[in-house]
Each structure stands twice: as C-alpha cells, then as structure tokens.
1. Need the failing condition index for Ala182 against (1) away from the ligand (no atom under 12 Å from the Cβ); (2) assigned to a strand (DSSP E or B), just the number.
2. Any idea which of (1) acidic (Asp, Glu); (2) buried (at least 17 other Cβ atoms within 10 Å of the Cβ); (3) not in a helix (DSSP H, G or I) is the one Glu401 doesn't satisfy?
3. Given the structure, is Val83 surrounded by 24 or more Cβ atoms within 10 Å (Cβ to Cβ), in contact (Cβ under 8 Å) with a residue 40 or more places away in the chain and either basic (Lys, Arg) or within 14 Å of the ligand (Cβ to nearest atom) (or both)?
4. Can you list the helices (runs of 4 or more DSSP H) lying wholly within the stretch 267-384 that have 3 or more residues being of a type in the set (Val, Ile, Thr)?
5. Under the condition of being among the polar types (S, T, N, Q) and surrounded by 20 or more Cβ atoms within 10 Å (Cβ to Cβ), which residue from the stretch 170-217 is farthest from Ala279 (Cα to Cα)?
6. Got a sec? Which strands (runs of 3 or more DSSP E) wholly within the stretch 37-119 have at least 3 residues that are under 17 Å from Phe262 (Cα atoms)?
7. Does any residue in the stretch 242-254 that is closer than 20 Å to Glu32 by Cα come within less than 8 Å, Cβ to Cβ, of a residue that is of a type in the set (Val, Ile, Thr) and at pLDDT below 95 six or more places away or on a different chain, and which pairs are these?
8. Pairs please, first residue from the stretch 156-179 and farther than 18 Å from Ala121 by Cβ and assigned to a strand (DSSP E or B), second anywhere and hydrophobic (A, V, I, L, M, F, W, C) and more than 12 Å from the ligand (Cβ to nearest atom), Cβ atoms under 7 Å, 6+ apart in sequence or on different chains.
Amino acid sequence: MGLSVKSQSGVKNPSKYLGNELEYVKKVLASESWSATGGSWNNALERKFADLFGVKYAVALNSGTSTLHAALEAAGVGPGDEVISPALTVIMDSTATIHANAVPVYADIDPETWTMDPADAAKKITKKTKAIIPVSIYGLPCDMDPIMEIAERHGLAVIEDNAQCMLSKYKGRLAGTIGHMASYSFENTKHISCGEGGMIITNDEQYAEAVRKLGGHGFKNLMAEEGRIRLNQDLFQNPNYKRHDVLGWNYRLSEFNAAIAFAQLERVDELVSLRVKSAELFIDVMAGCDFLIPQKCPEGYTNSYYTLGAIYAGREKIGVSWEDFRKEYIKNGGDGVYGAWSVPYLEPVIETMAFAKRCPWVYSSVDYKKGLCKTAEAVQPKLMQFKTNYRNLELAKAKAEILGETIRKLDKRRHS
Ligand SMILES: Cc1ncc(COP(=O)(O)O)c(C=O)c1O
C-alpha cells in the first residue's frame, strides 16, 4: 500500500444522513409546529433518549453548553459556589460554571486515561464546593465510584459531561446513569448530531423539571416530562394567567433539530460502532510504537471514541516534532490531526479574569496560573486527536494504514 491518497480514490465517506432525517424534517415542515413549545419531536426524542439509557427523564436543549449551565443552576449552584471540573477539557465546563456566577476549580487528570483524578478532586473540596463535573474525555468514562463517594460525603451534585461519550460503560453501567445528571451534545461532530443540540438525563424529577424550566423561559407549567406549554388552552389564553415563576433562558431545541437527532438516534448503535471500529484500526497500527501511546482504557471500561487520543512522544524518541509528524501524516494522505485544547485556566478568557466584573466579590481571591494542574499541563501539548468520525470502515482502514506507514518511515530516522 502506497502513501498516496490516490490509492484511496473512490473511497468516500457516505452521507451523514443515511436514515430518516430528511423524511422527518419534511414532517416538521408540514406540521407548521416548529418550536419545542408546541411540537412533538422534542418529546419523542426525549423519550427515546431516556429509554436508551434506562432513566426516567431526558430534557432536550439547544446545546451541550446550555445543558451544563441549566444543570448547574438546577443543582442550586449560584454566586460564590465552587464547581470542580478537570483540567483537560473544553472551555464550556468553565464558562457554564461562570455563567452560574460560580467559581471553576480545576482537578488534575490521570496521566494515562486523562480523565479527572478523583484523589485530586477530593483535595480541591472546600466549604464552598457545590458540584463536580466529571468529563468523559474522548469517550472514556471517569472513575465514577470514588467521585460519587466523595460527592456523597460532601453533599455535592455530580453532573457527568458526556458530550463526547455515547453508550460507553463503566464497570458494567452505562456512563450517564451514575451521576445525578448527565449532559450530552448533538453538535456537528458528536456521535449523534443535529447541527446544534443537547440533552440532560436524570432519574430525579426535580432536577429534570428545573432544567426544563431554566431552559424554557421559566414557564411555570413546564414539567419534568413535558416541554409543551399550551396544552391547556383555556388557562393559557386567559388574561389573568401568570406564566413565569422561575428566571430562565431560551435554551429550547427547535423541532427541526429534534427530528434530525431522533433519526440519528435510530442508528445510534451503528454510529457508535463505526467510531469504535475506526479507533481500533488506528490503535492496531500504534501497537509496538513507543512514540504514539493511545488513551488507556482500564479493565471494566469501554470507550466510545468520539476521537482517538494518543500521546505523541516523537520529539524525545525519534527527534521529530509534533508539528512535523502531523505534517508528514497529512502529506502522506492522512486526515488532519488536532491538538488538545489548552488547559482551560490558561485560555485568555479565564486567565485574564475579565469575567470577574460580572460578580467581583465572588472572584476577588481567585487566581489561575500555570502549575495549577501539572499532569494536565504536561499531557496536553503532547496529545494528538485522530479522527474516528468515519462512516466507511474501508476509508478508516486506508487512513490507519497511512498512519502506520508514516510511523515506520519516521521511525527509521532513529536508526539511520
Ligand atoms: C466535553 C464537552 N463538553 C461540552 C461541550 C459543549 O457542547 P456544545 O458544543 O453542544 O455546546 C463539548 C462540545 O464541544 C464537549 O466536547
């Protein structure tokens, strides 16, 4: 097999919407009921999602960030409270926390799984801690038993951020069913996608109702399992009717997005399996390579591989920089390799503390600086994220082979 992309010509990713997406979108159009307040696709999507996880409630919102914000507020997180999230994750766990006027506190990560280190999370607990957001990074669940034990001991809410994790398992249990709430994203790159969207799942009726109301303008007739607001026309049309009893936002998911997400959910097993099988092809070609070490998946866990993360140690081992390895792989026909996001507290939005003016008394003693979470800071610059979002295993195989050849070619430098 040559390194040229030409050898794969004709092998293409099939369309992203191979199922009922188009048919369902047409149905929404024809219904002329395009908002979650009146349509039924949100409700259908929520029921299907809840059933998939075997939980009582699912509440659809318009992103995996609005879900985090609403979940934090539903858990009672407010000004001055502290929320612990890991130091290796996207910015949204921090920004959702700040939007609740709370303080992001960072727990370091495990050096091999890159998920939150429960022992470090325990060290970060203070009297102000109100919630923990374990993030299933790249699709790998966190070590949830000690996290739940810490949370129970201190009376904290646990919100699993599973934006990157679909149907992964932790010790036989589905990730998302262990914390008090779990948050999902249907943004364009996720396992289930409708452009933008999100979901909270929970077994707690109060949390579900609060999330729905916070995301739905605080309409008082919203319930844990019902997002439509005009079900009782006599009440709703009456001028004396008071509608709102909670401060809310409009985080509702449109019916178009709900219909697309519903169609995607019908194919969830296939969509997850394609990512897992793609990741396995890449892991296979990394076997025996001492400068690309894939994310560890501990015994008893499964990983749904939103993306395949690997630590690149090529600079030390073969004298090839991160950038040059990436360039070579792409030149040989490989797909773009992403680096991992900066640790959140070194992103300008957090590091500069410009947000503190929203609530100065809350942030007066907060100080984010380099060195806060040493393992995350050491791992982050070395990470390479390989694409798993193939809809055609033949194509994934071709790209994995290109990676294998790139590894072999560059490895020769060590010996020459
Ligand atoms: C771990 C994690 N949390 C939260 C989010 C936010 O989701 P969304 O983009 O739907 O707001 C994402 C998505 O990028 C994510 O990867």
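1. (1)
2. (3)
3. yes
4. 268-286
5. Thr202
6. Once the strands (runs of 3 or more DSSP E) in the stretch 37-119 are filtered for at least 3 residues that are under 17 Å from Phe262 (Cα atoms), what remains is 57-61.
7. Every condition considered, the pairs that remain are Arg252/Thr37.
8. Filtered contacts from the stretch 156-179: Lys169/Ala175; Leu174/Phe53; Leu174/Leu167.
The values are calculated or read from the model by the stated rules, or taken from the named source; none is laboratory data. Please read all numbers here as calculations on a predicted model, not as lab measurements. Using ideal geometry, Cβ is built from the backbone for each residue, glycine included, and neighbour counts are taken over all protein chains shown.
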